[in-house]
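**Student:** My questions will all concern the structure given below.
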Amino acid sequence: METHSLIHPTLQLHLLLSLCSKFTHTRKKMETRAASKRKANAATIVIVEKQHPKRQRVVLGELSNLPNIIVPETQNPRKEKLQCRKNPNMKKPSLTNNTLSFPQIDESYDFEIFEYLHAMERKRRPMIDYVEKVQKQVTTTMRAILVDWLVEVAEEYKLLPDTLHLSVSYIDRFLSVSPVSKSRLQLLGVSSMLIAAKYEEVDPPRVDAFCNITDNTYHKAEVVKMEADILKTLKFEMGNPTVNTFLRRFADVASENQKTPNLQIEFLIGYLAELSLLDYDCLIFLPSILAASAIFLARFIIWPEVHPWTSSLSECLGYTPADLKECVLILHDLYLSRKAVSFKAVREKYKQHKFKYVANLPSPPHVPSYYFEEQ
Amino acid sequence: MWNEESDWIGSFDSQLARLAECRMCSRDRGERPDATGMDLEVLEVAEEGSYGRVFRCLDIHTGALVTMKQITMVRLSQGVPAPIIREVSLLKELHHANIVKLLRVGLTENRYVNLVFEHLDYDLHHFIVNRGYPKDALTVKSFMYQILSAVAYCHSLKVLHRDLKPSNVLIDHSKRLIKLADFRLAGEFADDLLYTEKLGTSWYRAPEILCDSRQYSTQIDLWSVGCIFAEMVIGQPLVQAINCRDELEGIFKLLGTPTEETWPGITKLMPNLHIYYPKFDALGLETFVTDLEPSGLNLLSMMLCLDPSRRISAEAALKHAYFIDVNYVSLLLL
């Protein structure tokens, strides 16, 4: 059944995932997370449409009682993808017009800023296996449902991409250290977005707006209390770099040597970056790797016959195609709906005219392996 | 709203706010507030402002003096104000010898955010006013080098201070150590705040901000540093005016009314420039800043350059010939 996106803003959405079949403890131990995802994705999605008298809004329904799958290490090693080796000849990355829309920062500091962002992305990254190690009730599918819904919330309130990316980052960092019950996961989501909006937006939505968007599932006091808990848990360190931070720096580099209008590739890169937010597997990659991979894949989708990577991209971004292979392939699976197929908000968002319909762009089913070889 | 189990405030609980209130009410009677069982003993209310109060406190565990900035949250129902989230997260990222250290952060259940900073004796404003300003050239040089080091560090991390003035430059007098403070505006991207008169004096604001430009950069801080530099040398603010327009007029009298040649883009930025301001010929910095060696005057003129694109960066300023004897200057820090 097809979900409605914010293209139909008068509809109130209740996303209800039906309960997955229960697994025995032994079965849990043997099953891979990929298999559990397939089951979750196959679960029926019921859409309840209801006209709200006052305002349009999207509401996240109940989160299903999906099990956390205990994965044997041999089957699913979640090894950390640290920043891959940098090109030894790496030059100072060029400051694009998009780097800081306002205020502008002096170019003489650009290299130091770039180095600082790389240091910070490591320092403030979430645990890559918190669902298995920390959480008792939260599953990867629940996380994806929450993120998918937050994409709609961000659209509804016209929030910046940075706000959305920061929100998800706060959620992951919080879940890395603090167990959350499934009934409070949505509260964590809205409070994280509240903080991100305060951090990033010129005119952030008020607390009431975030209560409304949950159909008043939570009171203002609860949202404010959770905000305080998040700030304390994250030690008020709210300025971590996200995929979008790096994408802004490389927006101009992405379309180099090409005559296609910049907007299409920029929107496609943004789309791939938002798809990566849905997938828990993407936590193993640093934001800078995800950004570079989104650029690689976007160039491949738009110009499949041309090698997506160039020496100047390697120099500016600090990664070779080989460094990006695993991440690019995951993003490609997400793009072709081979992963996270039931989560429609991001896809519907980028099927709109204002985003040049980039979610509808055709892509070859496979990225040729020779594109990942040393040039 | 906050129960005992989840109260994460630590030492900064509601008692502290009540203690502060008590101190405010009772200081005339000479009563000492009881701080039993708390990490901080409030010694005195150091300052009161529109945002809240500043207390001088004693850390019970270490015996060190600390400064607690207690910010009142006006709209409790809206949670922690955006500027506080930005300021605190910003301060958490700044680790530099010449930037004041944020030691702890707390929220109380009854509308206060408490920021606990290392304590410094006093600020540059009081130093200039009370001590007849730093008369020896070496102290000026040391202070300038430290201010520029902190500013260069901030700029390298994509941070503008935006509110540099002598009262935001703290001094540890025993070590002759300078520390920048009050990054209240540094993380603000809602820049309507920047132009309101109530934010205080316009004496240290760059001309592009006084002209209402929204395209500014790191150079705004360098203008402020230049104003501080001049004030340290002459013992009073270089240009003192009661509003932005008069401030600009004072700047133009000093440096000359800009033209497209001296400041490309000024006519676009201020189309009515020559209607509002007469064409002043520059009086020159050397007319007012007399007790400064030639290399210092050269550096000052590079900081107080009307055209932001030609203004020196903090990084370049640190390499200026004025600081050629910086090794000797650093002895003052020991």
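The values are calculated or read from the model by the stated rules, or taken from the named source; none is laboratory data. These numbers were taken from a predicted model, which means no experiment stands behind them. Please note: Cβ atoms are built from the backbone with ideal geometry, for glycine as well, and neighbour counts cover all protein chains shown. Areas reflect the complete protein model, heavy atoms only, side chains present, ligands, DNA and RNA absent. Shrake-Rupley method; radii C 1.70, N 1.55, O 1.52, S 1.80 Å.
**Student:** Hey, what do the phi angles of the range A:358-373 turn into as Karplus ³J(HN,Hα) couplings, whole Hz, using 6.51/-1.76/1.60 and θ = phi - 60°, x for Gly and Pro?
**Tutor:** Per residue, the Karplus-derived 3J(HN,Hα) values read 5, 5, 9, 5, x, 9, x, x, 9, 8, x, 5, 5, 5, 9, 7 Hz.
**Student:** Could you give the dipole magnitude of the range A:130-234 about its Cα centre, charging the beta-carbon of Lys and Arg +1 and that of Asp and Glu -1, in debye to the nearest 20?
**Tutor:** Value, rounded to 20: 540 debye.
**Student:** With every protein chain left in place, what is the accessible area of A:Val346 in Å² (1.4 Å probe, nearest 10)?
**Tutor:** Looks like 0 Å² after rounding.
**Student:** Order these peptides, B:246-259, A:206-219, by their mean beta-carbon neighbour count within 10 angstrom, highest first.
**Tutor:** B:246-259, A:206-219
**Student:** With only Lys, Arg, Asp and Glu charged, each at its Cβ (+1 for the first two, -1 for the last two), find how big the charge dipole of the range A:243-372 is about the Cα centre; round to the nearest 20 debye.
**Tutor:** Here the size comes out at about 480 debye.
**Student:** For B:Ile99, list long-range residues whose amide hydrogen, built 1.01 Å from N in the peptide plane, is under 5 Å from its own amide hydrogen.
**Tutor:** Distant-sequence amide H within range of B:Ile99: B:Leu180.
**Student:** When the Karplus curve 6.51 cos²θ - 1.76 cosθ + 1.60 is applied with θ = phi - 60°, which whole-Hz ³J(HN,Hα) does each residue of the range B:309-314 get, with x for Gly and Pro?
**Tutor:** 5, 9, 6, 5, 8, 4
**Student:** Accessible area per residue for the range A:243-372 in Å², computed with a 1.4 Å probe and the full protein assembly in place, what is it?
**Tutor:** For the range A:243-372, the solvent-accessible area averages 33 Å² per residue.
**Student:** In peptide A:204-210, how many Cβ atoms from other protein chains are near each Cβ within 10 Å, on average?
**Tutor:** 2
**Student:** Could you pull out every residue, at least 5 positions away or on a different chain, whose amide H is within less than 5 Å of the one on B:Arg104? Hs are placed 1.01 Å off N in the peptide plane, and Pro or chain starts have none.
**Tutor:** Amide H neighbours of B:Arg104, under 5 Å, 5+ apart: B:Val116.
**Student:** What is the spin-label model distance, in nm, from A:Asp252 to B:Thr262 if the labels are put 7 Å beyond Cα along the C-beta direction?
**Tutor:** Using points 7 Å along Cα→Cβ, the separation is 3.1 nm.
**Student:** From the backbone phi of the range A:115-128, what are the Karplus-calculated ³J(HN,Hα) couplings (6.51 cos²θ - 1.76 cosθ + 1.60, θ = phi - 60°) in whole Hz, Gly and Pro given as x?
**Tutor:** 5, 4, 4, 5, 5, 5, 5, 6, 5, 10, 8, x, 5, 7
**Student:** Taking square-rooted eigenvalues a ≥ b ≥ c of the alpha carbon gyration tensor, is the range B:271-312 rounded, prolate or oblate, where a/c under 1.5 means rounded and, failing that, a/b exceeding b/c means prolate?
**Tutor:** Judged from the Cα gyration tensor, the range B:271-312 comes out oblate (a/c at least 1.5, b/c at or above a/b).
**Student:** Further, regarding this structure: Not counting ligands, DNA or RNA, and with a 1.4 Å probe, what is A:Val202's accessible surface area in Å² rounded to the nearest 10?
**Tutor:** Result for A:Val202: roughly 100 Å² accessible.
**Student:** Residues of A:190-203, mean number of Cβ from any other protein chain within 10 Å of their own Cβ, rounded to a whole number?
**Tutor:** Mean inter-chain Cβ contacts per residue within 10 Å come to 3.
**Student:** If amide hydrogens are placed 1.01 Å from N in the peptide plane, which non-local residues have theirs closer than 5 Å to the one on B:Leu177?
**Tutor:** Hits under the 5 Å cutoff: B:Asp172.
**Student:** So for the range A:130-234, averaging the separation of alpha carbon pairs under 8 Å that are six or more residues apart and normalising by length, what relative contact order in percent results?
**Tutor:** 30 percent
**Student:** How much of A:Lys325 can a 1.4 Å solvent probe reach, expressed as accessible area in Å² and rounded to 10?
**Tutor:** 90 Å²
**Student:** A further question on this structure: Given 0.36 nm per residue, what is the gain on full extension from B:Leu269 to B:Glu44 after removing their alpha carbon distance, in nm?
**Tutor:** Difference between extended and current length: 76.3 nm.
**Student:** Moving to a separate point now. With the crude spin-label approximation of a point 7 Å out along Cα→Cβ, what separation in nm comes out for A:Lys354 versus A:Asp215?
**Tutor:** 2.5 nm
**Student:** Within the accessible area of the range A:130-234, what % is carbon and sulfur when the probe is 1.4 Å and the other protein chains stay in place?
**Tutor:** Roughly 51 percent of what the probe reaches on the range A:130-234 is carbon or sulfur.
**Student:** With labels modelled as points extended 7 Å from the Cα through the Cβ direction, what inter-label distance (nm, one decimal) is found for B:His126 paired with A:His366?
**Tutor:** Each label point is offset 7 Å from its Cα along the Cβ direction, giving 7.4 nm.
**Student:** Taking a ≥ b ≥ c as the square roots of the Cα gyration tensor eigenvalues, with a/c under 1.5 meaning rounded and otherwise prolate when a/b beats b/c, else oblate, which class fits the range A:243-372?
**Tutor:** rounded
**Student:** Measure out, as a whole number of angstrom, how far apart the alpha-carbon centroids of the range A:140-213 and the range B:240-316 sit.
**Tutor:** Rounded to whole Å, the Cα centres lie 46 Å apart.
**Student:** Something else about it: Estimate for me the total accessible surface buried between chains A and B (protein heavy atoms, probe 1.4 Å, no ligands or nucleic acids), in Å² to the nearest 100.
**Tutor:** That pair of chains buries around 3500 Å² in total.
**Student:** From Cα pairs below 8 angstrom and at least 6 apart in sequence, can you work out the relative contact order of the range A:291-375, rounded to a whole percent?
**Tutor:** For the range A:291-375, the relative contact order is 37 percent.
**Student:** What ranking do B:221-230, B:282-291 get when scored by the average of other Cβ atoms within 10 Å per residue, highest first?
**Tutor:** Descending packing order for the listed peptides: B:221-230, B:282-291.
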